[in-house]
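Participant: Sending over a structure as structure tokens; questions will come in a sec.
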Amino acid sequence: MTTVLVVDGANVVGARPDGWWKDRAGAARRLHEALLVADIEYDVIVLVLEGQAKGGVRAGRDAHVRTVHAPKDGDATIVEQARVAAARGDRTVVVTADRALDARVHGVGATTLSPSWLLDRL
């Protein structure tokens, strides 16, 4: 069984008050770079970016990290990525602290972990 980690990029970046709001694209790029070298137990990492953050990382696959640019609503894209992975039978986990999003991804068969869980591993 493949394990998939879907990362709510905006929520994870926003979990640390390190000035990310001054350079959203740069913050997204730093998160992407950290995910590329992270020693975490998932086969595939899906990084969902929205808004200005999309300027920091091109959409597509780099090694085991796939970056997806949300066309509008990041949450809807995260739910769709989780739904597709869970429907394939993959063990799917979403990293977010957004309670409404948490409920939505549980509804499509995924579980959640907090941004602090991920940040502790980066």
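Participant: Restricting to segment 35-64, what's the tally of residues that are over 16 Å from Val12 (Cα atoms), part of a loop (DSSP other than H, G, I, E, B) and not hydroxyl-bearing (Ser, Thr, Tyr)?
Facilitator: Within segment 35-64, the subset over 16 Å from Val12 (Cα atoms) is 37, 39, 41-44, 55, 58-64.
Remaining after also requiring part of a loop (DSSP other than H, G, I, E, B): 39, 41-43, 58-59, 63-64.
Cutting the leftovers down to not hydroxyl-bearing (Ser, Thr, Tyr) gives us 39, 41, 43, 58-59, 63-64.
Within segment 35-64, residues that are over 16 Å from Val12 (Cα atoms), part of a loop (DSSP other than H, G, I, E, B) and not hydroxyl-bearing (Ser, Thr, Tyr) number 7.
Participant: Please identify the pairs in which a residue from segment 1-21 that is farther than 16 Å from Val108 by Cβ has its Cβ atom under 6 Å from the Cβ atom of a residue that is of a type in the set (S, T, N, Q), counting only partners at least 6 apart or on another chain.
Facilitator: Note: pairs meeting the criteria are Asn11/Thr96.
Participant: While we're on this one: Name the residues in segment 4-49 that are open to solvent by 20 Å² or more (accessible area, probe 1.4 Å), at pLDDT 95 or above and of a type in the set (Val, Ile, Thr), would you?
Facilitator: Val37, Val44
Participant: Applying the selection to segment 76-99, what residues are surrounded by fewer than 15 Cβ atoms within 10 Å (Cβ to Cβ) and modelled with pLDDT under 95?
Facilitator: Arg99
Participant: Six or more apart or on different chains, Cβ under 8 Å: which pairs go from a residue in segment 41-67 that's without any contact (Cβ under 8 Å) to a residue 40 or more places away in the chain to one that's part of a loop (DSSP other than H, G, I, E, B) and not hydroxyl-bearing (Ser, Thr, Tyr)? Could you list them?
Facilitator: Lys54/Ala70; His64/Asp43; Thr67/Val57; Thr67/Arg58; Thr67/Ala59
Participant: Cβ contacts < 9 Å: first residue closer than 14 Å to Ile45 by Cα and outside any loop (DSSP other than H, G, I, E, B), restricted to segment 81-105; second residue open to solvent by 60 Å² or more (accessible area, probe 1.4 Å) and of a type in the set (A, V, I, L, M), any location; separation 6+ or different chain. Result?
Facilitator: Arg91/Met1
The values are calculated or read from the model by the stated rules, or taken from the named source; none is laboratory data. Note that the structure is a prediction, hence the values are computed from the model and not measured. As a convention, Cβ positions derive from the backbone with ideal geometry for all residues, glycine included, and neighbour counts pool all protein chains shown. All accessible areas refer to the heavy atoms of the entire protein, side chains included, with ligands and DNA or RNA removed. Shrake-Rupley method; radii C 1.70, N 1.55, O 1.52, S 1.80 Å.
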